[in-house]
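Below: the structure, in structure tokens.
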Amino acid sequence: MKIRTPRIVQARSRWVFLWAILPILLAAVLLAGWREYIQFRQPEADQLHRLKLELTGQRHQVKLLEAERNRLREQVAALERTSQIDQESIRQVREALRERQSGYLEMEQELKILRGIVDTGVKSEGLYIQRFRLDKSDVPDSYRFRFTVSQALKNAGTAVGWILLTLEGEQEGEIVELTLKELTKEKDEKLKMRFRHFQDVDGLIQLPAGFSPQRVIVEINPTNNRLPKVKESFDWLVAD
């Protein structure tokens, strides 16, 4: 019988064990690496989330500010409209006050004229020339004349007609009469008259060179027959 020498043979179960635990080791390594990655990425994710929340809050704040701005614009526009309305109301009130003041002054002047007629004891109807006045103007040898034509209270109708003005004086040693046409720039021969109680008359006259005025003659010619003509003369006296 032939005797064999025994050989030492390594067990195959060792390699099987290694191959068995290798996936587990790899999984453990991957799990550890993932945990580290998660721990590294978590702060960035939290920061990004906070930034998103902050951005959302800022957007909301911007919307609130825009709404407030629009509200303030509307309020300013309303105030401007109110201010314009107030200014217009004030202007209208002032205009009404001026009109009433003007009407009051006219009535006061009319009352003064009428009182003057009454105080002079006028009893017959007719036309009267009152308050004749001469004043210097800014232009050399130019003068402004003023007077009032009125009619007695007994006459309630409208006085219609023409007013003529003549200036009498001396020129080159002779007595000369100059008409209104020769004394004014407008070259009007006469002034129109139309009133019920009174009419204020005024105008500018320019004296020719070398003319020395002595008196002013005012003549009133009504166009209706019921009023007589009136003619009065006034000395050339210039008010101070």
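The values are calculated or read from the model by the stated rules, or taken from the named source; none is laboratory data. As the structure is a computational prediction, the values presented were derived from the model and not from experiment. Note that each Cβ is placed from the backbone with ideal geometry, even for glycine, and that neighbours are counted across all protein chains shown.
Answer yes or no: is there a residue in segment 204-219 that is part of a loop (DSSP other than H, G, I, E, B), among the acidic types (D, E) and in the same structural domain as L134 (by TED's automatic domain parsing).
Taking every residue of segment 204-219 in turn, none turns out to be part of a loop (DSSP other than H, G, I, E, B), among the acidic types (D, E) and in the same structural domain as L134 (by TED's automatic domain parsing).
Can you tell me which residues in segment 173-182 are surrounded by 15 or more Cβ atoms within 10 Å (Cβ to Cβ) and outside any strand (DSSP E or B)?
Selection gives L180, E182.
Kindly indicate whether any position in segment 183-192 is under 40 Å from the mean Cα position of the chain (by Cα) and not in a loop (DSSP other than H, G, I, E, B).
Yes, segment 183-192 contains a residue that is under 40 Å from the mean Cα position of the chain (by Cα) and not in a loop (DSSP other than H, G, I, E, B).
Would you tally the residues in segment 188-201 being closer than 21 Å to E177 by Cβ, touching a residue at least 12 places away in the same chain (Cβ under 8 Å) and exposed (fewer than 15 other Cβ atoms within 10 Å of the Cβ)?
Residues meeting the conditions: 1.
Please verify whether D141 is acidic (D, E), in contact with a Lys or Arg (Cβ under 7 Å, 6 or more places away or on another chain) and at pLDDT 90 or above, treating the condition exactly as stated.
Criteria not met by D141.
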